[in-house]
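The values are calculated or read from the model by the stated rules, or taken from the named source; none is laboratory data. Keep in mind that what you see is a predicted model, and the values were worked out from it rather than measured. Positions of Cβ are backbone-derived with ideal geometry, glycine not excepted, and every protein chain shown enters the neighbour counts.
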Amino acid sequence: MSTPASAPFTGHSGPTAIAARTRGLTKAYGSGETTVLALDSVDVDIARERFTAVMGPSGSGKSTLMHCLAGLDNVSAGQVWLGDTEITGLKERELTRLRRDRIGFMFQSFNLIPTLNALENITLPMDIAGQRPDRAWLEHVIDTLGLRDRLEHRPAQLSGGQQQRVACARALASKPELIFADEPTGNLDSRAGLEVLGFLREAVDKLGQSVVMVTHDPGAAAHSDLVLFLGDGRIVDDMARPTADGVLERMKRFDALHAVAPGPPHGPADSATEQG
Ligand SMILES: Nc1ncnc2c1ncn2[C@@H]1O[C@H](COP(=O)(O)OP(=O)(O)OP(=O)(O)O)[C@@H](O)[C@H]1O
């Protein structure tokens, strides 16, 4: 578990091969009798240059896990690292810079600026940060995502799938260590959704990126290398090289278990996940 503190991030196969990790990550909302334990002592290693999907029923803690991993939410207990940097305990300003420099985000709702064209949207976070894009990398991302002939178009002139590809390029533009995608296909029809999943896959396979995606869709999860299943704020299972059918079966089993024995909010099932 200990990693050399001075180990630099190399962009690809780093010294730890871990993009992010948590130990004892606990997040509670509220206090007293109304406390909700959204995450209950989660230990997880997110592998570098891999596509990790996070699944689980509504309210199981998926978004909370993503927010804590991305430093968007403070934790109640435990530790979170991005690469070799412990982010728990960082000040808000340091967190803002870390997110800007080292993390990419994709959301269900694209979040593009309507008055800017595709290229301007892609480079906006870097422009705001006063950073110059690595030109060769940017060109590579644009070609990989098939956006070359759409760069002058505004979001309204693009299909939903194309808009999400622009959002994907924006997330990739600064060559972040880790990309978080929150239901990135949630607003797309199945064909456009497949296309975006294919591009996320390529971002990992061809561009050496690391992706964490929250999804409810077993078909989307099947594009990942590893599915983490959350239940009641804990990682209750994982599945490497998932198939849509396999994921669906696993989810049905969880549902059946829940239906038979609703039990206490945080049951004993916990196979704290270690990969990499
Ligand atoms: N700001 C908040 N205040 C109080 N409770 C919260 C807050 N955010 C989340 N929760 C609670 O924490 C638990 C986990 O929520 P979270 O949004 O992480 O689940 P999720 O798995 O992402 O759900 P969904 O699939 O519906 O998006 C839920 O019980 C939720 O009600």
Quiz item: Looking at (1) at pLDDT below 90; (2) crowded, with 17+ Cβ neighbours inside 10 Å, which is the one condition that is false for Gly146?
Solution: (2)
Exercise. Go through the stretch 59-82 residue by residue and tally those that are closer than 19 Å to Glu94 by Cβ, small (Gly, Ala, Ser) and within 11 Å of the chain's Cα centre (by Cα).
Key: 1
Exercise. Given the conditions (1) modelled with pLDDT of 95 or more; (2) of a type outside the set (Val, Ile, Thr); (3) away from the ligand (no atom under 16 Å from the Cβ), report the number of the one that Gly89 does not fulfil.
Key: (1)
Exercise. Kindly indicate the residue of the stretch 112-128 that is surrounded by fewer than 13 Cβ atoms within 10 Å (Cβ to Cβ) and in contact with a helix residue (DSSP H, G or I) (Cβ under 7 Å, 6 or more places away or on another chain) and also farthest from Ala70 (Cα to Cα) among those meeting that condition.
Key: Pro114
Quiz item: Being more than 27 Å from Ala220 (Cβ to Cβ) and in contact with a Pro (Cβ under 7 Å, 6 or more places away or on another chain), is that true of even one residue in the stretch 123-138?
Solution: yes
Quiz item: Does Gly104 satisfy the condition of being crowded, with 16+ Cβ neighbours inside 10 Å and over 30 Å from Thr243 (Cβ atoms)?
Solution: no
Practice problem: Scan the stretch 59-79 residue by residue and report those that are near the ligand (Cβ under 8 Å from one of its atoms), touching a residue at least 40 places away in the same chain (Cβ under 8 Å) and outside any helix (DSSP H, G or I). | Solution: Ser60, Gly61
Exercise. Those residues that are outside any strand (DSSP E or B), more than 20 Å from Asp238 (Cβ to Cβ) and more than 8 Å from the ligand (Cβ to nearest atom), I need them from the stretch 27-58; list them, please.
Key: Ser31, Gly32, Glu33, Thr34, Thr35
Quiz item: For the stretch 156-237, which fully contained helices (runs of 4 or more DSSP H) count at least 1 residues that are charged (D, E, K, R) and at pLDDT below 95?
Solution: 160-172, 190-205
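Residue by residue, here is whether (1) touching a strand residue (DSSP E or B) at 6+ places or on another chain (Cβ under 6 Å); (2) within 16 Å of the ligand (Cβ to nearest atom); (3) in contact (Cβ under 8 Å) with a residue 24 or more places away in the chain holds:
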residue: Ala192; (1), (2), (3): no, no, yes
residue: Leu197; (1), (2), (3): no, no, yes
residue: Leu207; (1), (2), (3): no, no, yes
residue: Val211; (1), (2), (3): yes, no, yes
residue: Val214; (1), (2), (3): yes, yes, yes
residue: Ala221; (1), (2), (3): yes, yes, yes
residue: Leu226; (1), (2), (3): yes, no, yes
residue: Gly231; (1), (2), (3): no, yes, yes
residue: Arg234; (1), (2), (3): yes, yes, yes
Exercise. Working carefully through the options Arg165, Arg100, find the one that is more than 16 Å from the ligand (Cβ to nearest atom), closer than 30 Å to Ser41 by Cα and within 18 Å of the chain's Cα centre (by Cα).
Key: Arg100
Exercise. Quick one: count up the residues across the stretch 74-87 that are crowded, with 17+ Cβ neighbours inside 10 Å and closer than 17 Å to Gly24 by Cβ.
Key: 6
Self-check item: Scope the stretch 128-155; condition under 25 Å from Arg97 (Cβ atoms) and either more than 23 Å from the chain's Cα centre (by Cα) or in a loop (DSSP other than H, G, I, E, B) (or both); matching residues
Solution: Ala129, Gly130, Gln131, Arg132, Pro133, Asp134, Arg135, Ala136
Exercise. Starting from the stretch 160-186, keep only residues that are farther than 23 Å from Lys62 by Cβ, then list their pairs with residues that are polar (S, T, N, Q) whose Cβ atoms are within a distance under 7 Å, requiring at least 6 positions of separation or different chains.
Key: Val166/Asn121; Ala173/Thr123; Ser174/Gln131
